[in-house]
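> After the structure tokens below, expect a handful of questions from me.
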Amino acid sequence: MATEETQKSWEKWEPKLNKHIEDLLWALFAESNTPFFDRGKLSTELIAEFCRDKEVQMLTFEYVQTIRKNWESRFPGKGILIPKKRNEGSTAKVYDIPPLDLPRTLPQSTANEHHPQIPATENTTTNFPENCGSGKPMAPAAPDKPSGSPVAKPAISPTTSADSRNAPGLKPGQVPTQASMPTQIPDAKPTFHLPNCKVGTPYAAKIEGTDKSGRKINVVDLKFPDGLGLTFDSASQMVTGQPLRDGEFDLDLQWSFNDTLAKVSDKCRLASIPDPRSLWKVIEPANDLPYRKPHLDQKLLKGKGFSIAAASRRGRSHEHSGSFRDDDFFISHNHTSGWSVLIVADGAGSAKCSREGSRIAVETAGKHLVENLSGELGSKVAGLLASWEANTDSQKAIGEDFHYFFHKMASNAIEAIEQEAQAQSTSVKEYSTTLLAAAVKKDHAKTFLATFWMGDGAIAAYGPSGTVKLMGSPDGGEFAGQTRFLDRNALVDQGFGKRVRVGLLQDVSSVILMTDGVSDPYFETDNELRDPAKWDVFWDEIEPKLNGENPEQQLVEWLHFFKQGHHDDRTIALLW
């Protein structure tokens, strides 16, 4: 029997709650998997009489009140409607309760049949079989009693055992614990998170679900758009694969708490970042631009027991902006004198005619080197090299000769650039360029090397593995991307001599010259440029290309490597 407090409360709210309590009772019988009653022996009339019984309704109301108090103690102020005090003369509603609109019919099935559940509507809190109707009770196909027969009041009470063969009856406030009764999913909607993925990059991440209640969430299923390239493993909760599409995707998923069977549909957003390489445009320069230059250039020469190759490629930044390659190179080998020449240059990106400045510089400097090394200078140095190790005077004499020689080379290149600027009525600064040059003479295991270094980039004698001889230092400015360019001021600079280096080295694997489009991605600091281990990594990457067919073509293809933040023109020249 209901308590006195419940009796008074029921009498106060009966006009408002009668229909809803009756609906809740009908929900108990409408559930196809209920463990409390033998569904094969129930009739709609019997259930209707039971649901209208005042004692049953008060007991149900007491149960509802107990649940309500329990909720309020756990989640204060979250979703409980508090009765408003009625002011004198006011017509305001005392309690605003949405209608439940629960179906009042039984599925035409036996107790042992299973019926799939459909999600509850916005105004309901219980799931029902798909074949449930709505409105007034429908007569079953085969009622237990003939129409018009008196119906005995059932001796069933929620506080007593409904059937000794089934689960024990429930007391007011008691919640059934049978596994067949699904646990209600709380209203607190969880959120799901997946880290961003990147197109073309292997991906492995665990989907994370968070809920205010702190209960562990299990994602049962996660669907991906066709062609995305990802899969989901529910056992590990891991998403793996290699994304093939970019964009933001709202992924459909189903989840449940680990201690429930009920599934809830939801969504999780995944951002797939495009491959940076796909964002770069390839635009041809305007037809009316002067000083046109091919986007790719390569060359291969063969010496006695060694090879020389050079390659140059327009950078992605120039492709994207529709501008020409600013880099250039020059290589030469004289079979008679045995002298080889390697030169690279990088035109200033801020100078509109620098692509011509670099071309003029390498061509002028290259011509000067070839002519002099094939003549008197080359013969003199070759003679002094015979006594290099035993006579320091020979070393000093060679150093002085190349100091003067490279100074003249730089002066000739500057004059040629100035003449072109004057002819075009343009500032000589518009032709600004760096210039790195090397004169090399191979003699079996010995390699003589004389170098000139103006600007950034690098010149090195590499090898054997674990050794490197850096032939100077790059010129860096106050800000990133700044460097020293070839000009008149450089010729009168007291530090000009530091730009010239000479040496006779043993067992050199390769003499390498490169512009900063190559050196910066592989050697990001001056310390790294001096680190033999960094050069070992670099050499291991390019050596297979040099030993294959058409190494010059292999080099120009290799120059298209992708390193984030490095998209300048790239030029390299090697003797190996």
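> Here is the link list: LYS380/LYS408; LYS442/LYS469; LYS78/LYS189; LYS352/LYS429; LYS69/LYS263. Which ones come out longer than 19 Å on Cα distance? The partial results should precede the final answer.
Numbers: LYS380/LYS408 17 Å; LYS442/LYS469 16 Å; LYS78/LYS189 14 Å; LYS352/LYS429 9 Å; LYS69/LYS263 27 Å.
Result: LYS69/LYS263 exceed 19 Å.
> Would you please put 504-514, 546-556 in order of how densely packed they are, using the mean number of other Cβ atoms within 10 angstrom per residue and starting with the highest?
So the order, starting with the most tightly packed, is 504-514, 546-556.
> Quick check on packing: order 288-295, 326-333 by the mean number of other C-beta atoms within 10 Å, highest mean leading.
Descending mean neighbour count gives 326-333, 288-295.
> Check which residues have an amide H placed less than 5 Å from VAL199's amide H, if you skip close sequence neighbours.
Amide H to amide H, under 5 Å and 5 or more residues apart or across chains, VAL199 pairs with ILE273, ASP275.
> Now, a different point. What does the accessible area per residue of the range 365-489 come to in Å², with a 1.4 Å probe and no ligands, DNA or RNA counted?
Details: 5830 Å² over 125 residues.
On a per-residue basis, the range 365-489 sits at 47 Å².
> Roughly how many Å² of ARG277 are accessible to a 1.4 Å probe, to the nearest 10?
130
> Note down the accessible area of LEU25, probe 1.4 Å, to the nearest 10 Å².
For LEU25, the solvent-accessible surface is approximately 10 Å².
> Which whole number in µm²/s is D for the range 440-535 by Stokes-Einstein, with the Kirkwood Rh taken over Cα pairs at 20 °C and 1.002 mPa s? Each step should come with its number before you reach the end.
Details: Rh = 14.3 Å.
My calculation gives 150 µm²/s for D.
> I'd like the Karplus ³J(HN,Hα) series for the range 265-271: coefficients 6.51, -1.76, 1.60, θ = phi - 60°, whole numbers in Hz, and an x wherever there's a Gly or Pro.
7, 7, 9, 9, 8, 10, 9
> Which residues in the range 292-334 place their backbone N less than 20 Å from a point set 7 Å from the Cα of GLU284 along the Cα-to-Cβ direction?
Output list for this probe position: 292-297, 313-326.
The values are calculated or read from the model by the stated rules, or taken from the named source; none is laboratory data. Since the structure is predicted, the reported quantities are computational estimates derived from the model, not experimental observations. Virtual Cβ from ideal backbone geometry, glycine too; neighbours counted across all protein chains shown. SASA here: full protein model, heavy atoms, side chains in, ligands and nucleic acids out. Shrake-Rupley method; radii C 1.70, N 1.55, O 1.52, S 1.80 Å.
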